[in-house]
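These notes are about the structure you will find just below.
No lab work stands behind these numbers, since they all come straight from the coordinates. Quantities reported herein were computed from a predicted structural model and do not represent experimental measurements. Every residue, glycine as well, gets a Cβ built from its backbone with ideal geometry; the counts of neighbours run over all protein chains shown.
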Amino acid sequence: MISAIALIDSTGELIVLKTYRKDFNQSAFDNYRLSVIAPNEITSPIVLIDGTSFLHHEENEIFYVGCTKQNAGADVIFELLNQIPKILAKVLNVSALSDKNVRDYVPDIVEIFDEMIDSGYPQCTEPETLKILTGHASPNSTQLPNPITSMATGSTPWRLPNISHNKPTVIVDVTEKVSLFQTPTGQTLNHSINGVTTMNAVLSGMSECKIEFKDKPSSSSDKGGQGGIDFDDIIFHQCVRLNRFQTNKEISFIPPDDKFELMRYKRTENVQAPFEIVPTVKDLGGNKLEISISVTATYNSSLKATHFTLHIPLPQNTANVTFECAEKTRAKFDELKNAAVWTINDFVGQGHSQIVIIAQYLSASYKSSPATKLNKPISAEFHIPKLSMSGLSILNLNVDKDKPDIYIRYATEAGKFQIMMPSPDETE
């Protein structure tokens, strides 16, 4: 599937290259480095050169690149590339890899890639297992006579036995990102929720966890009973026993001894946005434009967004901006981005707020292209603690051996949340 994995810096310089298949095309790869990465000519996450597809994920000024000549699943490769920085950081015991420190770990990264992927197919992505296989395990993990054999042949290769912790704790974070694209006429074209449930289980031995959901989450491929919450897709960590999940609202598992991604899901049907954003635009004449935006929070009044910001595009060559803001909000003009930035702190559910912007601009850009002067969308940023917009809710979390302190936290954040501006109403 994967011909090679490479790490490249933002100048196109090669940091690490690990090849897996004989069909790897070195000249096409060099062409990609020097003609696409180096001059920053990246227009797509997938680039085809001489029959080789190059897929990339960028993080901390490092391009993680997968090369393939096969008709491989792009979603699988992208997911692997997205996970590699996290896996490497955990195995190497660093907070994060960046362009500044990655070269210190080149031999280690090559060794990790050798264990992670076999003949182009992802084989082992569990950090704890990779630590053992590559000799990066902590001294406390070497109590076993042969930990590699134990993990490879046991029923829980993601966890070592005989782990001991003085203070058992389980922290579960359910984080959902809401994305939306609204046309100038108010029509919603794309609306989705992408959720990730992470867990940090500090437990001793082989403690088994059981999670009961308030409503059973089910995917479009689930042939089970009706009811519950319908998701387009659900992906569980390999530790989850799927046979139990199919029959009830519970999942059971023995977790890794580290923070890990328990499940990932996506929902596109029956999705409600946490905010209703309604923009109106009026041409006041005299090179002035009035932009009015009203926002209503649709979530429960017992909750509040601790952060809410709108980035509002303004006409090209805007020279002066005045604001009329609602109480407890603030606005500023970002000249570099040619946008107004409107911020509301502690936006209470079911609340409403409004801003009126008067933008005075130079006539040349506006009169020459009146229909396209506000062709960029309004973009939103927000963070709402304690809210699961999809409705996913954990009813109970039980641990069979330890009696840990348990914390379950929910949060809803903005994904790609964009609203296009309507055409101005002529008032002249």
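Things to note:
- Measuring against 18 Å, Cα to Cα, the residue pairs Lys214/Lys386; Lys266/Lys416; Lys18/Lys259; Lys210/Lys249; Lys210/Lys386 contain Lys18/Lys259; Lys210/Lys386 as the ones spanning a longer distance.
- FRET efficiency, 1/(1 + (r/R0)^6) with R0 45 Å, evaluated for Leu14 and Val278 via beta carbons: 0.35
- Rounded to the nearest 20 debye, dipole of the range 4-153 from Cβ charges on Lys, Arg, Asp, Glu: 220 debye
- Check: the chain dipole with +1 on Lys, Arg Cβ and -1 on Asp, Glu Cβ, in debye: 640 debye
- Ascending count of other beta-carbon atoms within 10 Å, so fewest first, for Trp158, Trp342: Trp158, Trp342
- Reduced Cα scattering model of the range 4-153, Debye log10 I(q)/I(0), q = 0.09, 0.12, 0.15 Å⁻¹: -0.29, -0.51, -0.77
- Peptides ranked, highest mean first, by Cβ atoms within 10 Å: ranges 26-33, 38-45: 26-33, 38-45
- In the range 275-386, Rg over Rh equals 1.01, where Rg is the alpha-carbon radius of gyration and Rh the Kirkwood radius from pairwise Cα distances.
- Overall, the range 275-386 carries a charge dipole of about 140 debye about its Cα centre when +1 sits on the Cβ of Lys and Arg and -1 on the Cβ of Asp and Glu, all other atoms neutral.
- Positive-end extreme of charge dipole, the range 223-278 - chosen from Thr247, Thr268, Gly228 (charges on Cβ): Thr247
- Spherically averaged projected area in nm², based on the convex hull that wraps the Cα atoms of the chain: 25.0 nm²
- Gap separating the Cα centres of the range 274-340 and the range 158-177, nearest whole Å: 42 Å
- Counted by Cβ distance under 12 Å from Lys177, the other residues give a net charge of +1, where Lys and Arg count +1 and Asp and Glu count -1.
- Computed over neighbours whose Cβ is under 10 Å from that of Gly195, the net charge equals +3, Lys and Arg +1, Asp and Glu -1.
- Angle in degrees between helix 106-116 and the longest Cα principal axis of the chain, rounded to the nearest 10: 80 degrees
- Estimated distance in nm for a label pair at Asp75 and Asn162, the labels positioned 7 Å out from Cα along Cα-to-Cβ: 4.2 nm
- Considering helices alone, the calculated mean residue ellipticity of the chain at 222 nm is -4000 deg cm²/dmol, with DSSP H runs of length four and up weighted by -39500 (n - 2.57) and normalised per residue.
- Restricting the range 303-368 to GluC sites (Glu not before Pro) that sit in a DSSP loop and have at most 13 other Cβ atoms within 10 Å of their own Cβ leaves Glu327, Glu335.
- Rg/Rh for the range 238-317 stands at 1.24; both radii use Cα atoms, and Rh follows the Kirkwood definition.
- Loop-located trypsin sites (Lys or Arg not before Pro) in the range 175-265 whose Cβ has at most 13 other Cβ within 10 Å (DSSP): Lys223
- The range 4-153, relative contact order [Cα under 8 Å, separation at least 6], %: 20 percent
- Peptides 328-334, 303-309 ranked from most to least packed by the mean count of surrounding Cβ atoms within 10 Å: 303-309, 328-334.
- Neighbour-count ranking [beta-carbon atoms within 10 angstrom, fewest first] of Ile293, Ile163: Ile163, Ile293
- Note on Ala326 and Lys22: the model spin-label points, each 7 Å out from Cα along the C-beta direction, lie 6.7 nm apart.
- Positive-end residue of Pro279, Ala339, His307, charge dipole of the range 275-386 with Cβ unit charges: Ala339
- Applying 0.36 nm per residue to the separation of Lys214 and Glu269 and subtracting their alpha-carbon distance, the gain on full extension is 17.9 nm.
- Kirkwood Rh, angstrom, the range 198-331 [1 / mean 1/r, Cα pairs]: 19.9 Å
- Averaged over residues, the count of other Cβ atoms within 10 Å places the peptides 374-382, 106-114 in the sequence 374-382, 106-114, highest first.
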